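A short write-up of the structure that comes next.
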Amino acid sequence: MDDTLDWRLIFAERPELNPPGYEEAAADAKLISAARYERLGKKRAGSSGRSRDAAFPSLKHGSK
């Protein structure tokens with residue numbers, strides 16, 4: 001038995017199941033990403049291009 005679901009087919013058959021405003025939010029996110037890429041040259045949100053300093057290493061992973 002195949003446990004995979006074809007969500008595209010399900011949403012095509014039952015459009016009322018789509019989250020309200022999903023299509024608009026997805027289109028807006030693509031536009032925002034394109035504008036950020038043009039402005040900053042970065043594709044991912046939150047990527048500043050700077051590396052993290054190791055001046056204050058975390059104590060969480062065994063540093064003593």
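Which of the residues that make up region 7-32 are loosely packed, with under 10 Cβ neighbours inside 10 Å and acidic (Asp, Glu)?
Selection gives Glu13, Glu16, Glu24.
So, of the residues in region 19-64 that are touching a Ser or Thr at 6+ places or on another chain (Cβ under 9 Å) and aliphatic (A, V, I, L, M), which turns out to be modelled with the highest pLDDT?
Leu40
The values are calculated or read from the model by the stated rules, or taken from the named source; none is laboratory data. Bear in mind that the values here come from a model prediction, so they are computed numbers and not experimental data. Positions of Cβ are generated from backbone atoms using ideal geometry, with glycine treated the same way; all protein chains shown enter the neighbour counts.
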